[in-house]
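Inspection log for the structure reproduced underneath, given as C-alpha cells.
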Amino acid sequence: MSHPYPPPRDKKGSRIGFTTGANAAAAAKAAALALLGETPEVVNIWLPAGWRQPFRVFRLERKGDGVLVGMIKDAGDDPDVTHGAEIQAYARFASEDRLEGGEGGGVVTKPGLGVPVGEPAINPVPRRMIWEAVREVTYRPLAITVAIPGGEELAKKTLNPRLGILGGLSVLGTTGVVKPYSTSAFRMSVVQAVGVARANSLLEIAATTGGKSERFAKRLLPHLPEMAFIEMGDFVGDVLRASRKVGIEVVRIVGMIGKISKMADGKTMTHAAGGEVNLPLLLSLLKAAGASPRALKEAEGAATARRFLELALEEGLELFFLNLVRLAQERLQAYIGEKPRVSVALTDFDRGQCLAAWPDREVYRG
C-alpha cells in the first residue's frame, strides 16, 4: 500500500496532527479487521477530542497467526520528533486481552507516569482508545503489540530517559489530536480568544493548559459562560498580557501539576521545549509540607511532577498543593502587575478534582 509522506512542519502554520496513541489505535483496529479476513485501506476511529477520524493504512502484512499494520504519523505543524514515524500494531487472537510493547516502545521504570513500573509506556488514554477501536470490530480476546521502528533512537531527542522511560518512545495523547502549540498561529488564536471574550462584555475568563484541563475547568467554574474558557496551551504569558490590554479583570488558570509547577518556577511559556520541570523546587515544597522520610526519599529519585502529586496525595499533604498554587499565583501576578487579578487552581489527572486554589478556593466547585 502507498502512503503520502506527511508534509513538513510549517513553523508558522496551524495544521493539527494526530497523536501516537491515535495512530496506534487505528493500526490496532485495522489489524483486527484483517484478522477477520478484510483488507482495510482506511479505518475510522473515535477521538476523545470529539469526532471520528480516518487513518490510511501504510503497511498490512500477515505474519504467522497474526497481522501487522503500520500507520505513518502526521503530527501537523507541531515540532514533534515522531512526525513521519511508523506506528505499528501486531494483533493476533489470544486467550485473553493483552497489550504489549514492541520494537522502539519504551518501558516505564519509575513511578509517576500513570502506568505501572515494568509496563510498556502506553499511557492510559491511548490504552483505552486502542481497546475501544478494536471492540468496534470484534469482542474476541486479542494480544496487541505496539511498536515504533526507530523509536529507541528518536527517544534520545525527548525527555523520556530522564522520566524513566527506557528503550524507546512512549505512546501518548489525551485527545488524539496534536495542536501546534508552539506556533505563532496558535498564539495569535489564543490572544484573539481573549479579545473576543472581552468584546462580549466578559470581565472574567478561565485559561486552561489543554483540552482535559478545560473539561475540568468547566465543571469547577459552572458560573462562567462557554466563551470564557480559553485553551491557552503553553501561552500563559500571552493570555495575561492580552487580558491586561483589553481590560479583563480576572484570569483563572486551571491546570495539572506539570504546567502549574512551571508557572511556580516563574515560567510564562510552559512548552516542554522551553524547559523542564524544576524537581528540586517541588522537593522543597514537599519538605515544607511535612512529608515523611519515606516520601522524601522516593521524591529524591522522582522523575516527574506527577510523582510528587502522587506522594502528596498518599500522605494527605494539602499544604504541598496549596503552597504550589500560591507560589504559581504570586509569580504570575508579579509578572503581569496589578491587573488582571490572577487565580490559579490545580486539578488531579483523572477526576478533575480541585486539589488547591489561590487566592479564592471557594469559587471552585469540587
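Details
- Odd one out for Leu163 among (1) open to solvent by less than 20 Å² (accessible area, probe 1.4 Å); (2) outside the structural domain of Leu346 (by the TED database); (3) more than 26 Å from Ala31 (Cα to Cα): (1)
- Subset of the stretch 128-160 [open to solvent by 50 Å² or more (accessible area, probe 1.4 Å) and closer than 26 Å to Ala303 by Cα]: Arg128, Glu152, Glu153, Lys156, Lys157, Leu159
- Scope the stretch 21-79; condition more than 26 Å from the chain's Cα centre (by Cα) and free of Cβ contacts under 8 Å to residues at least 12 places away in the same chain; matching residues: Gly37, Glu38, Glu61
- On inspection, Ala228 fails the criterion of being within 26 Å of Thr175 (Cα to Cα), open to solvent by less than 30 Å² (accessible area, probe 1.4 Å) and in contact with a Phe, Trp or Tyr (Cβ under 7 Å, 6 or more places away or on another chain).
- Residue check for Ala155: part of a strand (DSSP E or B) and small (Gly, Ala, Ser): no
- Answer from Val69, Val42 - the residue that is of a type in the set (Val, Ile, Thr) and surrounded by 23 or more Cβ atoms within 10 Å (Cβ to Cβ): Val69
- Subset of the stretch 248-264 that is in contact (Cβ under 8 Å) with a residue 60 or more places away in the chain and not in a strand (DSSP E or B) - its residue that is surrounded by the fewest Cβ atoms within 10 Å (Cβ to Cβ): Glu249
- Within the stretch 307-347, the set of residues being more than 19 Å from Asn278 (Cα to Cα), charged (D, E, K, R) and in contact with a strand residue (DSSP E or B) (Cβ under 9 Å, 6 or more places away or on another chain) comprises Glu318, Arg341.
The values are calculated or read from the model by the stated rules, or taken from the named source; none is laboratory data. What you see is a predicted model, and the numbers here were worked out from it, not measured in a lab. Neighbour counts are summed over all protein chains in view; Cβ atoms, including those assigned to glycine, are modelled from backbone coordinates with ideal geometry. When the accessible area is computed, the model is the full protein with side chains, heavy atoms only, and any ligands, DNA or RNA have been set aside. Shrake-Rupley method; radii C 1.70, N 1.55, O 1.52, S 1.80 Å.
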